[in-house]
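Inspection log for the structure reproduced underneath, given as structure tokens.
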Amino acid sequence: MRARNYRDVKGQAYTRKKFVRGFPPPKITKFTMGDTKSKFEYKARLIAVKGVQIRHNALEAARIATNRYLGVKLATNYCLRILPFPHMILRENKMIFGAHADRLQDGMKRSFGKPIGTAARVKRNQTLLTVDVNADGIEVAKVALKRGSAKLPTPCRIAIEKVQEEEAKAS
């Protein structure tokens, strides 16, 4: 099956991992990168335009693409956060197609499927990634988020906002 088969949000959420045996763990393990202790002036957000399911390997690819560009251009003068977590368990009923496959198929027999991975359900206008930077890193953050959005199955927009000074001092 292809990744686009799991893009649409269909059916009920299937997240109870204690009842499921043998699902692969998510490929994404780090959700915060860069300098987490410093206070930054600006926050760049990557926002989903449509509601979709994002597979765990797409989140990992977006994280790598964004973090690599930020690391090269800003060294450690940024903080990148991945917000959605892949809770949804994806299942697939594997069928064999091709020459002489008619003798090997099981069809709909026990068609519940086997777990093949996990995905994060994302709603419309939900923030996917945030990058905290200072004024000199705004353009770099925009390019990095654009590179990360190319790895995701939904069109995204980038929003830049100035962090309130009270928030910066309080947290």
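Here are a few things to note about the model shown:
This table checks each residue for (1) at pLDDT 95 or above; (2) part of a loop (DSSP other than H, G, I, E, B); (3) surrounded by 11 or more Cβ atoms within 10 Å (Cβ to Cβ).
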| residue | (1), (2), (3) |
| --- | --- |
| PRO86 | no, yes, yes |
| LYS94 | no, yes, no |
| GLY98 | no, yes, no |
| ARG121 | no, no, yes |
| VAL131 | yes, no, yes |
| GLY137 | no, no, yes |
| LEU152 | no, yes, yes |
| GLU167 | no, no, no |
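- Leading residue by the ranking (nearest to GLY148 (Cα to Cα)) among those in the stretch 36-48 that are assigned to a strand (DSSP E or B) and among the hydrophobic types (A, V, I, L, M, F, W, C): LEU46
Results for (1) in contact with a His (Cβ under 6 Å, 6 or more places away or on another chain); (2) over 30 Å from VAL143 (Cβ atoms), shown as yes or no for each residue.
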residue	(1), (2)
VAL9	no, no
LYS18	no, yes
LYS27	yes, no
LYS30	no, no
THR36	no, no
LYS43	no, no
ALA48	no, no
GLY51	no, no
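- Count - residues of the stretch 2-12 that are assigned to a loop (DSSP other than H, G, I, E, B) and either of a type in the set (S, T, N, Q) or in contact with a Pro (Cβ under 6 Å, 6 or more places away or on another chain) (or both): 2
- In the stretch 49-63, of all residues being in a helix (DSSP H, G or I) and of a type outside the set (Gly, Ala, Ser), the one that is surrounded by the most Cβ atoms within 10 Å (Cβ to Cβ) corresponds to LEU59.
- Residue that is farthest from LYS114 (Cα to Cα), among those in the stretch 13-31 that are assigned to a loop (DSSP other than H, G, I, E, B) and of a type in the set (Phe, Trp, Tyr): PHE31
- Failed criterion for THR76 (all others in (1) modelled with pLDDT of 90 or more; (2) closer than 15 Å to VAL131 by Cα hold): (1)
- Matching residues, the stretch 67-95, being more than 29 Å from ALA13 (Cα to Cα) and not hydrophobic (A, V, I, L, M, F, W, C): ASN67, ARG68, TYR69, GLY71, LYS73, THR76, ASN77, TYR78
The values are calculated or read from the model by the stated rules, or taken from the named source; none is laboratory data. Computed from a predicted model, the values in this text were never measured in an experiment. Note that we place each Cβ from the backbone using ideal geometry, even for glycine, and neighbour counts take in every protein chain shown.
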